[in-house]
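Enquirer: Before anything else, here's the structure in question.
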Amino acid sequence: MAFLKQIRAHGFKSFADPTVLDFSHDMIGVVGPNGSGKSNITDAIRWALGEQSAKSLRGGSLDDVVFSGSSDRPALDVAQVTLVFDNSNRVFSTIDADVVEVTRKFNKKTRESDFYINDERVKMRDIQDAALETGLTKSSIAIISQGTISTFAEAKPEARREIFDEAAGVAKYKKRKRETTAKLIKTMENLNRLEDILTEIARRLPNLEKQSRKALTYKEKIEELQKYEVAILSRDVKFFKTKIEQLRVQRDDLTEKVKGLSNEINFSEQEFSDMVNETSTSEKSMVELNTKFNDLVQRISDLKVKKNDAENRENNQNKNAHADEIKAKQIKKEFDEKSINLQSEKEKQAQWNNRLTEIREKYDYLSNKFEQLYAEIETIRRNAMRLTVEKQSLEKQQSSNTFGGPYAGSKAVVSHANVIGGVIGTLMSLVQVQEKYQLAISVVAVGTMNSVVMKTTDDVKRAIEFLQKNQAGKATFLPLNALNPSVIQGPQRIAISQQPGFVGFGNDLVNIQEEYRKALDYALGTIIVVNNYDSAVALAKTINYKFNIVTMDGDRILPHGAIMGGNNKNQNIFTQSQRSEHNLEDNAKLIQRYEQSELEKNQEINEIKNERDKARDDINTLESNMRVSVDNFNQLNNQLRGLSEDYRIITGKSLNPNDKAHGGELESIKFAKEIAKLELERDNIQIEINTLSTSKNKYADRQKELNQQNSVKRKELNELKDELAAVTAELNVIHVRNTEALRRLAENYGMTAEAAMAMEEVKFDNEAEVREHILQLTADLRDLGNVNMESIAEYEAEKERHDYYLAQTKEIREAVEKLESIIHDIDIAMETQFKKVVDDVNEALPEAFRRLFGGGTARLIYTEPDNILETGIDIQVNPPGKKISNLNLLSGGEKSLVALSVLFSILKARPLPLVILDEAEAPLDPANVERFAKYIKHFTGETQFIIVTHREGTMENVDVLFGVTMETKGITKIVKIKLIDAKKLVEEEI
């Protein structure tokens, strides 16, 4: 049976070139000179199956397995060996495949080792476990060298036992026993730790129970106190509320009355004041009229004198005519000049008036514009403030989406990257994902996308210390120097990519800088994206539910078959982040526009303010000029009236064109008419004086009446104010008491008035007794002294811990018993199987011994028959014609034959799929070599043999020969050869 079908090696030891050995026969010979690399084939098999000992591989360190170079060839960095096995008989029972490829790869530069079974990356332990199933282990007989033969023959019985353990399959039991014993030790440690904890808890429980009982008493009394005090306070608040409403109504009614009466008094006082003013005005008018009356009397008297003088002058008309004419001309000239000046002042006033109107209109317009702009600026500021609040809310929301909840630690680390050092950023910040893939990637990587990518594990240590020191949460870190991500690759990757509905592998659908590729592979290296649910289910079945599969709609099929799906509307972490960023950008732009608009409006309002101030200055200047002009106008007008009067007196004519001409009327007649006119005016003034005197008396009577009325109203007002003050004072007292009750509810019981009144009402008849009971409860609470309220929870927690640990202790004791039982069962199984193998070997050994020795007998014996688990194995032999009591008395060749007979007997009892013989027959003479080679053929039906040899007898009996040479120094070359060529190779060595 050809179990090992092929060996592929490249870079391993002397295999500098890619080398392929096809083993399709049951008995294979490998020949070649010493130093050509024959044994490197055996080393390659052992190394690929997980051998870790450099010494066992004939090297000083693991680096020695990599081709170190020669004079003509540079050294290589990578060693790789692949073993191809026929698994149609399911020798590898845990691998459901007809062909099993085991690959080991070592990179000397990176110090990284990779292991694969059928192109799937695995751990070294997986390969070593697989090797256990084949028997290809360090201590088994699957690999037999010349050293193994001599060691076995000369070994102490205890050391010789190891091969029988392997043959019996005891190795896996020993491994289980070691693991179970380790579990037992750990479990016993846990049991001891739990018993220590229980002892400590039991020590604390009595005191905690005492404190807890005291706290419960306190709690009961405080709850009873609360019940009654809240009831009293609730009743007080309810009473105060009703009383406050009543007093407010009473206060408001009194306030209205006070206000109404005050208004009446104010009206009366205003009327009184008006009467006083009217009286004063009447008195003033009477004074003025009396003055005018007296003036008229005087003027009439003066005119009468003038009339007499005029009559005298008329008698001498021509006496002074020439002098009056000259004076009249002078007056006329001065009158004309002042008239021109008066007209000029009128024109100036008209211009200034128009200008004032324009400027006032402009000032009003600018003032309105100023108010409008100020209102606009206030609106802009309010909008900007609203947007700023929205921005802060958006920033807070974005922080929550990106780093809230469980990702606060990530945010803290990224925010303090300059303090910590080595922080690259969250994985999400380093990737770019096309929109169509964002939902699928979000669903499978929402957690890892918030992980923090770090340069080294030392940087991670600093970050963790920072989070611990600042109590800033937790974070997941991806140190680039330590990540060893799993990625789907090889034939499996190709096969998956050809499945219907396949979209891509997660790490291929996301862009990232190459230096951060490890972090992306860690997050998405084993993620497969497909187009829909049906494709996902079909692919999952094909790959035996091995990897994470996600659809474009966000539905997932997890390894081992669990399915997650449903509404994924808000799962896209990328659009959430982008939407928040866009909203923040729009918000920032709006704020910027508002700030710019405010700046422009402020500039405009400053310009308008300057214009308005200038307009106000112009108005002040024009008003000042107008006042001066009006004064000048009035002065000129008065002067013109005087000149006109003088001219009229001299000439009898008026200089004012609006006055009617007197014609040539005699002056005495004019004075007579003037006297009559003034006398009429005097009489009218007398009538007016009499009327004012009557009104003055009426005003005095009304003032007296108002004084009397106001005196009564003021008394009534004072009474109302006193009543209002009393109601207000009572209301304030009730307010204070209500506030105190509400404060006690809030501070003592954390309750509002509504909550207190909503509680179930406590019925009691005698409020005084309740208040007395409250005082008693307060005293009881004071007598209890210091109370540890936390002791209730502490006692319950400790009691719960005690019960929990008690149950745990029971479970662990049961686990200890179970583990001890398992170890006992393992011991029985090992003893049974070991005895069975020794018995089977003893049954096969006599025949094997006779065939190899040509006669004689041999048997295995226990060194400690009563201790099968620890006993050594000794060998009693009787070669033909000899009686030997000790193996050391045999020759080297005989020792080898003894060892081979035992090893072949083991193989007979427990067949192995593959045995490698590395010059195992070297010590034998030609006749024994011939017997050795022919005897091997008895096993080839169940076992494949690879024999490294230089003995002709062996070469003649193998199915196929491989020649190993070093045509180039340091580089092994292997070819199939014929027997004659094999002999030449051996002769060359000789």
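The values are calculated or read from the model by the stated rules, or taken from the named source; none is laboratory data. For clarity, every value in this text was computed on a predicted model and none was experimentally measured. Glycine gets a Cβ as well: all are built from the backbone with ideal geometry, and neighbour counts include every protein chain shown.
Enquirer: Can you confirm whether segment 386-394 contains a residue that is loosely packed, with under 15 Cβ neighbours inside 10 Å, modelled with pLDDT of 80 or more and either in contact with a Ser or Thr (Cβ under 9 Å, 6 or more places away or on another chain) or at negative phi (or both)?
Expert: No, segment 386-394 contains no residue that is loosely packed, with under 15 Cβ neighbours inside 10 Å, modelled with pLDDT of 80 or more and either in contact with a Ser or Thr (Cβ under 9 Å, 6 or more places away or on another chain) or at negative phi (or both).
Enquirer: Just wondering, is there one or more residues in segment 446-462 that are at pLDDT 85 or above, in a loop (DSSP other than H, G, I, E, B) and farther than 20 Å from N548 by Cβ?
Expert: Yes: one or more hits.
Enquirer: If you don't mind, there's one more thing I want to ask. Given the criterion surrounded by 13 or more Cβ atoms within 10 Å (Cβ to Cβ) and hydroxyl-bearing (S, T, Y), identify the matching residue among T110, T19, T94.
Expert: It is T19.
Enquirer: Taking segment 932-946 on its own, how many of its residues are in contact with a strand residue (DSSP E or B) (Cβ under 8 Å, 6 or more places away or on another chain) and buried (at least 18 other Cβ atoms within 10 Å of the Cβ)?
Expert: So the answer is 6.
Enquirer: In addition: Name the one entry in L208, L254, L194 that is crowded, with 17+ Cβ neighbours inside 10 Å and within 30 Å of Q703 (Cα to Cα).
Expert: Just a single option satisfies the conditions, and that option is L254.
Enquirer: May I ask you to list pairs of residues, at least six apart or on different chains, whose Cβ atoms are under 8 Å apart, with the first in segment 249-267 being over 18 Å from A729 (Cβ atoms) and the second being aliphatic (A, V, I, L, M) and part of a helix (DSSP H, G or I)?
Expert: The qualifying pairs are L261/L717; L261/L720; S262/L717; I265/L717.
Enquirer: Moving on. Working only within segment 926-942, note down all residues that are touching a Lys or Arg at 6+ places or on another chain (Cβ under 7 Å) and among the charged types (D, E, K, R).
Expert: The one that is touching a Lys or Arg at 6+ places or on another chain (Cβ under 7 Å) and among the charged types (D, E, K, R): R931.
Conditions (1) hydrophobic (A, V, I, L, M, F, W, C); (2) out of contact with any strand residue (DSSP E or B) (no Cβ under 9 Å at 6 or more places or on another chain); (3) under 23 Å from K174 (Cβ atoms), marked per residue:
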{"position": "G854", "(1), (2), (3)": "no, yes, no"}
{"position": "P865", "(1), (2), (3)": "no, yes, yes"}
{"position": "K895", "(1), (2), (3)": "no, yes, no"}
{"position": "V898", "(1), (2), (3)": "yes, no, no"}
{"position": "S901", "(1), (2), (3)": "no, no, no"}
{"position": "D918", "(1), (2), (3)": "no, no, no"}
{"position": "P923", "(1), (2), (3)": "no, yes, no"}
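Enquirer: Looking for whichever is exposed (fewer than 13 other Cβ atoms within 10 Å of the Cβ) and either touching a Leu at 6+ places or on another chain (Cβ under 7 Å) or modelled with pLDDT under 85 (or both) here; the options are Q434, Q343, Q349. Which one fits?
Expert: Result: Q343 is the single residue among Q434, Q343, Q349 that is exposed (fewer than 13 other Cβ atoms within 10 Å of the Cβ) and either touching a Leu at 6+ places or on another chain (Cβ under 7 Å) or modelled with pLDDT under 85 (or both).
Conditions (1) closer than 15 Å to I916 by Cβ; (2) modelled with pLDDT of 90 or more, marked per residue:
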position: D17; (1), (2): no, yes
position: R46; (1), (2): yes, no
position: L62; (1), (2): no, no
position: R73; (1), (2): no, no
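Enquirer: For segment 825-841, which residues satisfy the criterion of being in contact (Cβ under 8 Å) with a residue 24 or more places away in the chain and of a type in the set (S, T, N, Q)?
Expert: Q833 - this is the single residue of segment 825-841 that is in contact (Cβ under 8 Å) with a residue 24 or more places away in the chain and of a type in the set (S, T, N, Q).
Enquirer: Looking only at residues that are touching an Asp or Glu at 6+ places or on another chain (Cβ under 6 Å) and under 21 Å from F3 (Cβ atoms) in segment 902-931, which one is surrounded by the fewest Cβ atoms within 10 Å (Cβ to Cβ)?
Expert: Within segment 902-931, the match that is surrounded by the fewest Cβ atoms within 10 Å (Cβ to Cβ) is P911.
Enquirer: Tell me, which residue of segment 118-137 that is surrounded by fewer than 19 Cβ atoms within 10 Å (Cβ to Cβ) and aliphatic (A, V, I, L, M) is modelled with the highest pLDDT?
Expert: Looking at the filtered set, the residue picked out is V122.
Enquirer: Next up: Give me the residue from segment 413-428 that is in a helix (DSSP H, G or I) and modelled with pLDDT of 85 or more and, out of that set, surrounded by the fewest Cβ atoms within 10 Å (Cβ to Cβ).
Expert: N418
Enquirer: Now for a different question. Counting only residues that are among the charged types (D, E, K, R) and under 30 Å from K461 (Cα atoms), which one in segment 482-524 is surrounded by the most Cβ atoms within 10 Å (Cβ to Cβ)?
Expert: For segment 482-524, the residue satisfying everything is K518.
Enquirer: Restricted to segment 48-60, and to residues that are at pLDDT below 90 and within 48 Å of the chain's Cα centre (by Cα), which residue is nearest to F945 (Cα to Cα)?
Expert: Ranking the candidates gives L49 first.
Enquirer: To continue, here is another question. Filter segment 352-379 down to residues that are surrounded by 15 or more Cβ atoms within 10 Å (Cβ to Cβ) and farther than 30 Å from E595 by Cβ and give me whichever is farthest from the chain's Cα centre (by Cα).
Expert: W352
Enquirer: Taking only pairs six or more apart or across chains, which ones have beta-carbon atoms under 8 Å, a first residue in segment 474-496 that is in contact (Cβ under 8 Å) with a residue 60 or more places away in the chain, and a second residue that is among the aromatic types (F, W, Y)?
Expert: Within 8 Å, the pairs are A475/Y407; G490/Y116.
Enquirer: In the list S24, S36, which residue meets the criterion of being surrounded by fewer than 21 Cβ atoms within 10 Å (Cβ to Cβ) and of a type in the set (S, T, N, Q)?
Expert: Selected residue: S24, the only one of S24, S36 that is surrounded by fewer than 21 Cβ atoms within 10 Å (Cβ to Cβ) and of a type in the set (S, T, N, Q).
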